[in-house]
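Engineer: Quick one: the structure is below, questions incoming.
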Amino acid sequence: MANTVIEIKKNPNENNSSVLRRFSRRILESGIIRKIKGARYNVRQESKLKIKKSALKRMARRKEIEHLKKLGKMVTK
């Protein structure tokens, strides 16, 4: 995400709460908060290599379980 610079300068005879209010309004108008909250739960797609590796692990584990079942070392439910 590109950096966005929001600069607020305190005007003479302006209190801190109004400066904070102006800053908050600028942040809301810029849409920064919405972008961050929208991307919070974004899950990246797994790479093809990772998917293949996990599939190979599952296949090897199933093969091992079948082998143990045939030997009688693993009880089926």
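The values are calculated or read from the model by the stated rules, or taken from the named source; none is laboratory data. Remember, predicted model here, so these are calculated numbers, not experimental data. Glycine gets a Cβ as well: all are built from the backbone with ideal geometry, and neighbour counts include every protein chain shown.
Engineer: I'm trying to understand the selection: among the residues of segment 28-61, which are in a helix (DSSP H, G or I), touching a helix residue (DSSP H, G or I) at 6+ places or on another chain (Cβ under 9 Å) and modelled with pLDDT of 90 or more?
Structural biologist: 28
Engineer: Something else now. List every residue pair whose Cβ atoms sit under 6 Å apart, with the two residues 6 or more apart in sequence or on different chains, where the first one lies in segment 1-25 and is part of a loop (DSSP other than H, G, I, E, B) and the second, anywhere, is of a type in the set (D, E, K, R).
Structural biologist: 6/26; 8/22
Engineer: If I filter segment 48-68 for residues that are in contact with a Ser or Thr (Cβ under 9 Å, 6 or more places away or on another chain), without any contact (Cβ under 8 Å) to a residue 60 or more places away in the chain and surrounded by 10 or more Cβ atoms within 10 Å (Cβ to Cβ), do I get at least one hit?
Structural biologist: Scanning segment 48-68 turns up no residue that is in contact with a Ser or Thr (Cβ under 9 Å, 6 or more places away or on another chain), without any contact (Cβ under 8 Å) to a residue 60 or more places away in the chain and surrounded by 10 or more Cβ atoms within 10 Å (Cβ to Cβ).
Engineer: Quick check: anything in segment 35-50 among the acidic types (Asp, Glu) and closer than 30 Å to residue 76 by Cβ? Before the answer, list the steps.
Structural biologist: Going through segment 35-50, the residues among the acidic types (Asp, Glu) turn out to be 46.
Now drop any that are not closer than 30 Å to residue 76 by Cβ, which leaves none.
No.
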